[in-house]
1. Cβ-Cβ distance below 6 Å, separation of 6 or more or different chains: which pairs start in the range 242-271 with a residue that is in contact (Cβ under 8 Å) with a residue 60 or more places away in the chain and end on one that is in a loop (DSSP other than H, G, I, E, B) and surrounded by fewer than 21 Cβ atoms within 10 Å (Cβ to Cβ)?
2. What do you reckon, is VAL222 surrounded by 17 or more Cβ atoms within 10 Å (Cβ to Cβ) and closer than 18 Å to CYS262 by Cβ?
3. Looking at (1) of a type in the set (Ser, Thr, Tyr); (2) more than 20 Å from GLU260 (Cα to Cα); (3) at pLDDT below 95, can you tell me which one TYR101 breaks?
4. Looking at (1) in a helix (DSSP H, G or I); (2) closer than 28 Å to GLY93 by Cα; (3) over 17 Å from the mean Cα position of the chain (by Cα); (4) at pLDDT 95 or above, which is the one condition that is false for GLY185?
5. Please tell me if PRO192 is touching a Leu at 6+ places or on another chain (Cβ under 9 Å) and on the phi < 0 side of the Ramachandran plot.
6. Being surrounded by 15 or more Cβ atoms within 10 Å (Cβ to Cβ) and within 15 Å of ILE55 (Cβ to Cβ) is true for just one of MET141, MET74. Which residue is that?
7. I'd like to know if the range 251-259 contains one or more residues that are in contact with a strand residue (DSSP E or B) (Cβ under 8 Å, 6 or more places away or on another chain) and more than 27 Å from TYR101 (Cβ to Cβ).
Amino acid sequence: MAAATLTNQEHWRSETPLELAAYYVYDPDGCFIAEVDGILAGICIATVYQHTGFIGELIVQPQYRKHQLGTRLMQTAIEYLNNEGISCIFLDGVLKAVPLYERLGFLPLCRSLRLFGQVSAREFTHITPIQTIDLPQIFDMDLQFFGSDRSFFLERRLRHYPELCWKWQDINGLQAYLFGRVGIGGWVTAGPWVSRRSAQETLPLLEHFQSAIGNQPFSIGVLESTNQTVQLLVQNGMQPNPEPPMRMFLGLVPNMVGSEQCLAIGSPAKG
């Protein structure tokens, strides 16, 4: 896949051909490329939910970065999402690209942190693998807290990485869930991670995840606004990237109700 060539050049280890293909299967009309003389020069992907959308995977080959291709790709993605009736568009912008996004009308929301490392590896009897039969209640809970239907991506995550998908369910019902995936060279990423309980109460889910992947570090994306989660992860051994991207939005001011329950993002381009 040509898009994977560009993500590899940027050293985006979490973006495998399998992950990139998911965007195309979900919505081929939201996948954009720029060509110069028949050569792939750039890509950009727009993900449509009900009322919100995400833009990600914006890459322009270095030799074409003075041709305004990034701006044109972004404008095309924004126009597409607007035509789909999206009222609020999100993105995670690397700091050097923030001025471009600001010129297009995006406003900063908070830093979108990337943490890497290990937590204590422990197994818990109340943490069990997610099964297909669990998905309807997970979809309902995810819709409640994330605010949009991302069931396509959750189902696909379970189908391809069942060994990395865990839930906490007790007599009161589903309390929390965590999905994971594997990137280039065995790079493991945790998320989305959603819980009805506090981050501290839900830490066993992440510790169980660590036990499942063995003695290896993993990455996790956490919005700075979920400061209890950030503090908890740092206290338990995770190290933040020194230059995290900025979560930005365009359109209506986002409704952040439920965001504290979304402890970790699924990916920058999917939320």
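The values are calculated or read from the model by the stated rules, or taken from the named source; none is laboratory data. The model shown is predicted, which means the values in this text are computed figures rather than measured ones. Glycine also receives a Cβ, built like all others from the backbone with ideal geometry; neighbour counts cover every protein chain displayed.
1. PRO245/VAL94; LEU250/GLY105; GLY251/SER87; LEU252/SER87
2. yes
3. Among (1) of a type in the set (Ser, Thr, Tyr); (2) more than 20 Å from GLU260 (Cα to Cα); (3) at pLDDT below 95, the lone unmet condition for TYR101 is (3).
4. Status for GLY185: all satisfied but (4).
5. yes
6. MET74
7. No.
So that you can scan it fast, the table gives a plain yes or no per residue for (1) in contact (Cβ under 8 Å) with a residue 40 or more places away in the chain; (2) among the polar types (S, T, N, Q); (3) in a helix (DSSP H, G or I):
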site	(1), (2), (3)
PRO136	no, no, yes
ASP140	no, no, yes
TRP168	yes, no, no
VAL194	yes, no, no
ARG197	no, no, no
